[in-house]
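This report refers to the structure that appears directly beneath it.
The values are calculated or read from the model by the stated rules, or taken from the named source; none is laboratory data. Here the structure is a predicted model, which is why all the values come from computation and not from measurement. Virtual Cβ from ideal backbone geometry, glycine too; neighbours counted across all protein chains shown. For accessibility, only protein heavy atoms count, side chains too; no ligands or nucleic acids. Shrake-Rupley method; radii C 1.70, N 1.55, O 1.52, S 1.80 Å.
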Amino acid sequence: MSRTVIVVIDGFGIGAMPDAGALRPGDAAADTCGHVLDHARTAGARALRLPVLGALGLGLVHPHPDLARRTRLPVAAGRAALGYPGADTFAGHQTMMGADFSQVTVARLAEHLEEVTGALRAAGHRVELLDGRPLLAVDGCVLVHDNLEADPGINWNATGRLEDLPFDGILAIARTVRSVAPVARVIAVGGHADGPLPGYVRAGDGGTVGLDTPATGVYRNGGLEVQHLGAPLDHTRQLPDLAARAGIPVTLVGKAADILACEAAVRRPAVPTADVFAHTLEAVRAPGDALVVANVQESDLAGHQQDPDGYGRILEQADAGLAALVSLLDRPGDRLVVTGDHGNDPTIGHAYHTREYVPVLIHRPRAAGVELLPDAASLADVGATAAAALSLDPAALANGTRLLPSPASP
């Protein structure tokens, strides 16, 4: 029997990657983990209590006075570069599951207006620049624009009011844009705004121009419809599908249930951290083999809200959940992998993700000693390592290299 659990602490970075300051120079100093720990000391007058993360080796890959520098658990610990452009949850999870995002780029709509306009007109739509700015008004009612809620150039949106056009029409426009878009996601958004959409257009960071979607009121007015159109991927060459085809039950928990593809998977969407761990523990307790991929989203939300106190509370709550998992995953074939998908430093001075290395902490019951891993080039290496732990062939994934090549340490 073999059970592998991957817990993604969303937005949990452990220090800036070399290119982190390319868009915002201040991001070169990003360190989500370190800054949250430091803030707890200075603002809360006590150290965060993270005994399990410490025992899993976090202090080995991110030395800090408030993290243990030794552990008696049989762990392998290292860090991973992201392996995809920018810093994005969708791209991070797809890469982690073995996708090859080498053809996905960070791009502003302004750089691709000709291709997008041509595709939309070929599909029979009327297209014009909105007031001469680099965003498109389609059929007089749908705006195609840069997404201003993620890092510049990561995603594009096609947004319309449902009183002007049913969501199927908005989605058809988004799909046409997706056919020529080089970015990770094109997001179709339909809702009920407080007024005409052009009144909510503003400039974003990095030369982007788009709709201030929260300001439109669509998130609070009810009836919101959203569909994420990801970059073309062969999901049969990702870990969940590979495991399911081998007869291994797959459970996707939290945001992972929303963004990962696997028809055979049991899905347990949840946002509260307590619910995420409750669903994860339930899946682990089931008899037989298992692959569980769980996302702790509230850490990312605290980062976006620039709330280091809240981030610290979520880390402590996640630590308690990890304690229960370590106790349950006690067989030689079991693996617990704790990692992140990008950074989201709540002290950095803006509400965007930060491009950081993430921890890769692997609990290996009854293995010999502690192993320090070299830096992984990509999050895809996490998926390849998990595949090997489940006795699956990592080469069946589209991307990724197993991190623990020694025969004694799958």
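Exactly one condition in (1) touching a Leu at 6+ places or on another chain (Cβ under 9 Å); (2) assigned to a loop (DSSP other than H, G, I, E, B); (3) open to solvent by 10 Å² or more (accessible area, probe 1.4 Å) is false for PRO332; which is it?
(1)
For segment 52-101, give me each residue that is closer than 19 Å to ALA367 by Cα, touching a strand residue (DSSP E or B) at 6+ places or on another chain (Cβ under 8 Å) and part of a helix (DSSP H, G or I).
Result: LEU53, ALA55, LEU58, LEU60.
Of all residues in segment 254-269, which are assigned to a helix (DSSP H, G or I) and touching a residue at least 40 places away in the same chain (Cβ under 8 Å)?
Across segment 254-269, the qualifying residues are ALA256, ILE259.
Could you list, in sequence order, all residues of segment 230-252 that are open to solvent by 20 Å² or more (accessible area, probe 1.4 Å), in contact (Cβ under 8 Å) with a residue 12 or more places away in the chain and over 22 Å from ALA388 (Cα atoms)?
Residue satisfying the conditions is GLY230 alone.
Do we find that LEU82 is within 17 Å of the chain's Cα centre (by Cα), open to solvent by less than 10 Å² (accessible area, probe 1.4 Å), under 25 Å from ILE259 (Cβ atoms) and touching a residue at least 12 places away in the same chain (Cβ under 8 Å) in this structure? Lay out the reasoning, then the answer.
Numbers: within 17 Å of the chain's Cα centre (by Cα): yes; open to solvent by less than 10 Å² (accessible area, probe 1.4 Å): yes; under 25 Å from ILE259 (Cβ atoms): yes; touching a residue at least 12 places away in the same chain (Cβ under 8 Å): yes.
So LEU82 fits the description; yes.
Kindly indicate which of VAL382, VAL360 is buried (at least 24 other Cβ atoms within 10 Å of the Cβ), touching a helix residue (DSSP H, G or I) at 6+ places or on another chain (Cβ under 7 Å), assigned by the TED database to the domain that holds PHE277 and in a strand (DSSP E or B).
VAL360
A quick yes/no check of all residues on (1) outside any loop (DSSP other than H, G, I, E, B); (2) farther than 28 Å from VAL177 by Cβ:
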| residue | (1), (2) |
| --- | --- |
| GLY210 | yes, no |
| GLY223 | no, no |
| VAL226 | yes, no |
| LEU252 | yes, no |
| VAL271 | no, yes |
| HIS279 | yes, yes |
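Would you check which residues across segment 364-379 are outside any loop (DSSP other than H, G, I, E, B) and in contact with a helix residue (DSSP H, G or I) (Cβ under 6 Å, 6 or more places away or on another chain) and list them? So that I can check it myself, show each step before the final result.
Our first condition is that a residue be outside any loop (DSSP other than H, G, I, E, B); within segment 364-379, this holds for 371-372, 376.
Of everything in segment 364-379, nothing turns out to be outside any loop (DSSP other than H, G, I, E, B) and in contact with a helix residue (DSSP H, G or I) (Cβ under 6 Å, 6 or more places away or on another chain).
List, please: which pairs have Cβ atoms under 7 Å, are six or more places apart or on different chains, and start with a residue in segment 39-56 that is acidic (Asp, Glu) and end with one that is surrounded by 14 or more Cβ atoms within 10 Å (Cβ to Cβ)?
From segment 39-56, no pairs qualify.
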